[in-house]
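Participant: Supplied in structure tokens, the structure appears directly below.
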Amino acid sequence: MLTSETKRHIDAARQVLVGVVPNPTSQIDQITNALIYKFMDDMDQAAIKQGDEPSFFIGDIEKYAWTRLMDTRLGNQERMNLYSEALVQFSQAKQLPELFRSIFKSAFLPYRSPEVLGLFLKEIAHFDYSHPEELGNAYEYLLSIMSSQGDAGQFRTPRHIIDFMVDVINPTKDDKVLDPACGTGGFLVSSYKHILEQHDGRDEEGKPNNEKPLTPDDRNKLIQNFEGYDIDPGMQRIAQVNMYLHQFKNPKIYQYDTLSMEERWKDKFDVILANPPFMSPKGGVKPHSKFSVQSSRSEVLFVDYIMNHLRPKGRAAVIVPDGIIFQSGSAHKQLRKNLVNDGLYAVASLPSGVFQPYSGVKTSILFFDHELAKQGSEILFVKIKNDGFDVSANRRPITKNDLPNVLEILNKWRNGVKDDNRFSSYVEKDEIEKSGDYNLSSGHYQVTTDYSNSKWPMMELGLVCKVVSGFGFPRESQGLLNEEIPFLKVSDMNLPGNEINMINYNNSVSRATLKKLKAKSYQSGTVIFPKIGAAIATNKKRVLKRESAFDNNVMGLLPEKKILLMYLYYLMLGIDLSDLANDAALPSIRKSVVEKYKIPLPPLEFQEQIVAELDGYSGIIDGARKIVENWKPKIDIDPEWKKVALGDISKNKIQSGVSITKKDIVTEGKIKFVNIYDLYQGYEIDVNSLPFVKKQNYQGKYLNTGDLLFVRVSLKEQGAAFSSVYNSGNTNVVYGDNILRLTPNSDVNSMFLNYLLRMDSFRESILLVCNRANVTSINTKSLINFIIPLPPLKIQKLIVDRIEVERALVESAKELIGIYEEKTRKVISKLWEE
């Protein structure tokens with residue numbers, strides 16, 4: 001798994017190189033060559049430690065061994081001479097395997113700075129290849145930060161997901177195995193290891209069993225059974241090295257465009273495992289005509305390819321983006337129809353954070369088995385909520401792991417046994433066909449009891465919950481963060497991460513202080529909400545995630561046995577707190593009123609069902625919200641781009657707009673007005689939301705398509721110089737005097753400029769030239785002189801196109817939030833119907 005240590009040293013190596021090797025692709029080549037160089041020496045050193053002979057640095061290239069190259073007695077000039085010679089000699093050294101000779105055939109050192117090389121090699125020296133995956137981790141991290149990987153929708157498959165898929169498919173020594181988008185060869189290596197483990201004479205606990213060991217002839221045949229394709233020669237190179245390290249002396253890894261080339265179309269396989277690219281290039285893929293589904297989408301074509309290249313008894317597992325599961329396009333529907341009718345026997349939904357830190361994209365695994373699918377009339381849907389790691393960018397290990405249970409469920413299903421549990425459901429193929437679009441989302445067919453028209457008994461909250469209030473917190477005890485118990489205020493409900501569960505807080509208190517104040521803390525699972533003042537109108541409800549105390553502006557509900565915690569929470573979401581408050585100048589909610597408030601209370605089994613449905617909606621909302629909150633446009637700056645001042649790329653003089661007062665705002669008219677508020681709402685000005693203003697002499701202040709607008713004056717410290725683009729064709733829109741307008745010339749794409757200036761690094765830089773007093777402002781001179789990197793227009797457009805694809809997905813996530821919030825409201829409102 002990608003570690004922070006790997007990231008740190010790769011980043012450092014790039015920083016060392018950037019002054020002498022500014023081209024990102026060339027940086028990848030230099031780092032990869034050095035990593036493989038060291039890797040060869042690491043293998044020699046490992047062999048020597050085991051009493052064996054080295055196999056790489058022998059004969060006339062022995063003097064180039066990494067351990068000699070890094071000898072501290074060498075000066076930087078001597079080291080550079082040795083390194084340069086080594087790159088040349090490796091391609092000609094007959095003692096090296098052909099694979100490594102070919103890798104170094106085009107290798108060279110493109111700079112002549114001994115000091116830079118010395119610093120660079122020191123960073124590479126930190127890598128220790130006792131684990132072969134490190135090379136792949138390093139290379140794929142390089143691709144991710146250069147954007148080439150994410151742009152292509154390629155994301156490194158975590159090792160535990162690869163192993164899980166291999167365990168489900170269970171390749172054997174006689175199976176011919178393919179990965180048609182092999183990356184660094186992870187699926188192939190895992191399959192090979194899996195087969196070896198099936199013949200090592202021991203069970204999973206290490207105890208002897210009756211497994212038949214592989215003969216030398218078996219091993220020779222086995223090595224020939226693995227093939228991988230990848231369009232990227234860099235990936236091919238790493239995959240070949242990875243396979244070599246696992247005893248494949250001549251690995252069958254081909255640089256091959258699986259979707260456009262036909263040379264290997266007739267090849268069939270017993271097992272196919274893949275995590276193909278999710279993203280199609282602009283304009284779509286240009287496939288040949290042999291596919292059974294006509295599409296320009298790479299994810300559709302790869303699945304179709306896999307189906308068409310399985311032998312009659314073949315098996316496959318492929319990771320797909322969830323668009324394959326439910327999107328309504330004709331190609332997607334035709335593909336799903338083919339899947340249901342020909343081989344699909346299970347769909348496993350993966351957690352949305354599986355591909356962190358590369359992507360938060362939501363995915364599923366499709367499992368194929370032609371023979372198994374013919375025997376049954378149902379498809380298994382299984383949901384993996386936890387895979388043993390959290391969903392943060394660092395993917396830290398956690399105790400919750402559904403993979404072993406799901407593996408058992410899938411293995412039973414392969415043997416014709418249903419396992420009824422919380423992870424799985426079984427749906428008839430006929431029912432999927434009747435849906436019309438062959439939707440492969442389990443929730444689409446989930447059979448649930450219709451509780452919407454039931455008349456549940458109404459029960460007073462005080463009979464099923466203990467209603468509690470907080471206490472006054474002494475001012476001298478506030479601001480402490482290292483005490484045992486969180487102390488919560490209403491304001492803490494607004495902290496990021498506290499949308500449902502109270503995880504973050506600004507104060508804590510010791511048990512001794514609580515005892516001294518005769519105050520109480522309350523258990524995890526208490527539902528809290530504001531009970532005094534204007535905060536009541538915010539209608540916030542939260543759940544304690546751990547034992548906590550709270551102040552006297554907060555009220556809590558401790559659920560008892562008759563009511564489930566999350567049922568209580570969701571029910572409270574449907575209650576307007578203002579209905580519980582009195583009409584005083586400072587409104588408040590009394591404990592006695594809450595205790596007498598009646599709620600619908602179905603039996604626990606129905607509460608569980610309701611909670612399960614709403615938890616599903618909540619999970620979708622949470623995942624979509626993380627996408628919306630965390631996405632930011634990212635542009636990798638090439639040092640070779642020219643540097644220009646903003647004033648040099650503006651057609652006209654940068655100037656402010658017109659002064660508009662409240663008296664100028666009208667309900668109807670022809671002229672609309674942009675204020676600084678509108679710039680903060682998005683990357684482009686939403687003309688439909690703008691107010692009308694009286695017709696006056698606004699000459700020279702009308703906006704044109706492509707104008708870039710900046711906040712000139714802001715009460716917010718971080719608000720000045722914030723940018724947005726006016727992209728509407730409406731020529732009857734003016735802008736305010738607290739806004740500066742820049743009209744880019746023909747060499748500049750205004751959206752590129754906007755995305756660039758919205759990046760954190762540029763926001764920080766531009767704020768440095770702002771004036772800060774009671775308000776933060778930027779003057780025209782500072783804006784004119786602000787320097788930015790500017791690539792050629794063609795590159796600007798390519799960058800904008802990539803970002804726009806990402807932004808469209810973010811907008812879809814926003815729509816998804818609205819859809820599922822409305823679904824949640826409808827479910828909750830039905831509970832109150834009589």
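Participant: Any idea which of (1) assigned by TED's automatic domain parsing to the domain that holds M751; (2) closer than 30 Å to L481 by Cβ; (3) of a type outside the set (K, R) is the one L646 doesn't satisfy?
Facilitator: Tallying (1) assigned by TED's automatic domain parsing to the domain that holds M751; (2) closer than 30 Å to L481 by Cβ; (3) of a type outside the set (K, R), L646 fails exactly one: (2).
Participant: Determine, yes or no, whether V611 is over 28 Å from G497 (Cβ atoms) and part of a helix (DSSP H, G or I). Break it down into steps so the answer makes sense when it comes.
Facilitator: Values: over 28 Å from G497 (Cβ atoms): no; part of a helix (DSSP H, G or I): yes.
Answer is no for this residue.
Participant: If you don't mind, there's one more thing I want to ask. Out of all the residues in the range 1-45, which are in a helix (DSSP H, G or I) and hydroxyl-bearing (S, T, Y)?
Facilitator: Matches in the range 1-45: S4, T6, T25, S26, T32, Y37.
Participant: Pairs needed: first member in the range 161-188, over 23 Å from F389 (Cα atoms) and in the same structural domain as D218 (by TED's automatic domain parsing); second member anywhere, among the charged types (D, E, K, R) and at pLDDT below 95; C-beta distance under 7 Å; at least 6 residues apart or different chains.
Facilitator: Close Cβ pairs (under 7 Å, with a partner that is among the charged types (D, E, K, R) and at pLDDT below 95) amount to K173/D218; A181/D230; C182/D230.
Participant: Of all residues in the range 204-243, which are in contact with a Phe, Trp or Tyr (Cβ under 9 Å, 6 or more places away or on another chain), within 14 Å of C182 (Cβ to Cβ) and surrounded by fewer than 20 Cβ atoms within 10 Å (Cβ to Cβ)?
Facilitator: I231, G234
Participant: Of these, I589, I654, which one is of a type in the set (V, I, T), under 30 Å from E560 (Cβ atoms), surrounded by 15 or more Cβ atoms within 10 Å (Cβ to Cβ) and over 32 Å from the mean Cα position of the chain (by Cα)?
Facilitator: Selected residue: I589, the only one of I589, I654 that is of a type in the set (V, I, T), under 30 Å from E560 (Cβ atoms), surrounded by 15 or more Cβ atoms within 10 Å (Cβ to Cβ) and over 32 Å from the mean Cα position of the chain (by Cα).
Participant: Those residues that are part of a loop (DSSP other than H, G, I, E, B) and among the aromatic types (F, W, Y), I need them from the range 666-680; list them, please.
Facilitator: Y680 - this is the single residue of the range 666-680 that is part of a loop (DSSP other than H, G, I, E, B) and among the aromatic types (F, W, Y).
Participant: What single numbered condition from (1) within 24 Å of N250 (Cα to Cα); (2) in contact (Cβ under 8 Å) with a residue 12 or more places away in the chain; (3) out of contact with any helix residue (DSSP H, G or I) (no Cβ under 8 Å at 6 or more places or on another chain); (4) part of a helix (DSSP H, G or I) fails to hold for S84?
Facilitator: Unmet for S84, out of (1) within 24 Å of N250 (Cα to Cα); (2) in contact (Cβ under 8 Å) with a residue 12 or more places away in the chain; (3) out of contact with any helix residue (DSSP H, G or I) (no Cβ under 8 Å at 6 or more places or on another chain); (4) part of a helix (DSSP H, G or I): (1).
Participant: Could you list, in sequence order, the residues of the range 426-460 that are outside any loop (DSSP other than H, G, I, E, B) and either in contact with a Pro (Cβ under 9 Å, 6 or more places away or on another chain) or modelled with pLDDT under 85 (or both)?
Facilitator: Those that are outside any loop (DSSP other than H, G, I, E, B) and either in contact with a Pro (Cβ under 9 Å, 6 or more places away or on another chain) or modelled with pLDDT under 85 (or both): S442, G443, H444, M458, M459.
Participant: Given the conditions (1) modelled with pLDDT of 90 or more; (2) under 19 Å from S761 (Cβ atoms), which single one is not true for V674?
Facilitator: So the condition that V674 fails would be (2).
Participant: I need the full set of residues from the range 776-790 which are under 16 Å from I676 (Cβ atoms), under 37 Å from the mean Cα position of the chain (by Cα) and not in a helix (DSSP H, G or I), in order please.
Facilitator: Once the filter is applied, which keeps residues that are under 16 Å from I676 (Cβ atoms), under 37 Å from the mean Cα position of the chain (by Cα) and not in a helix (DSSP H, G or I), the range 776-790 yields T776, S777, I778.
Participant: Of the residues G700, G736, which is at pLDDT 90 or above and either over 37 Å from the mean Cα position of the chain (by Cα) or buried (at least 19 other Cβ atoms within 10 Å of the Cβ) (or both)?
Facilitator: Working: G700 fails: at pLDDT 90 or above.
On inspection, the qualifying residue turns out to be G736.
Participant: If you don't mind, another one. Could you identify the single residue in P213, P233, P276, P287 that is of a type outside the set (D, E, K, R) and over 30 Å from L335 (Cβ atoms)?
Facilitator: P213
Participant: Which one of these is of a type in the set (A, V, I, L, M) and closer than 22 Å to L407 by Cα: V300, V293, V354?
Facilitator: Going through V300, V293, V354 in turn, the sole match is V354.
Participant: Also, quick follow-up: Out of all the residues in the range 681-722, which are part of a loop (DSSP other than H, G, I, E, B) and touching a Pro at 6+ places or on another chain (Cβ under 7 Å)?
Facilitator: Within the range 681-722, just G706 meets the criteria.
Participant: Further question: Which is surrounded by fewer than 19 Cβ atoms within 10 Å (Cβ to Cβ), free of Cβ contacts under 8 Å to residues at least 12 places away in the same chain, closer than 30 Å to E629 by Cβ and not small (G, A, S), of L495, L481?
Facilitator: L495
Participant: Could you check, for the range 6-17, whether at least one of its residues is within 29 Å of P251 (Cβ to Cβ), loosely packed, with under 14 Cβ neighbours inside 10 Å and out of contact with any Gly (no Cβ under 6 Å at 6 or more places or on another chain)?
Facilitator: no
Participant: I would also like to ask the following. Looking at the range 336-361 only, could you name the residues that are more than 8 Å from the chain's Cα centre (by Cα) and either part of a loop (DSSP other than H, G, I, E, B) or at pLDDT below 85 (or both)?
Facilitator: Taking the range 336-361 and keeping what is more than 8 Å from the chain's Cα centre (by Cα), we get 336-351.
Correct list: D342, G343, L350, P351.
Conditions (1) in contact with a helix residue (DSSP H, G or I) (Cβ under 8 Å, 6 or more places away or on another chain); (2) of a type in the set (G, A, S); (3) closer than 18 Å to L756 by Cα, marked per residue:
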| residue | (1), (2), (3) |
| --- | --- |
| K694 | yes, no, no |
| Q699 | no, no, no |
| L708 | yes, no, yes |
| L715 | no, no, no |
| S723 | yes, yes, yes |
| T731 | no, no, no |
| N738 | yes, no, no |
| P744 | yes, no, yes |
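Participant: Going by the conditions given, is A93 assigned to a loop (DSSP other than H, G, I, E, B), crowded, with 16+ Cβ neighbours inside 10 Å and over 40 Å from the mean Cα position of the chain (by Cα)?
Facilitator: When the stated conditions are applied, A93 passes them.
The values are calculated or read from the model by the stated rules, or taken from the named source; none is laboratory data. All values reported here derive from a predicted model rather than from experimental measurement. When we count neighbours, we look across all protein chains shown, and the Cβ atoms used for this are built from the backbone with ideal geometry, even at glycine.
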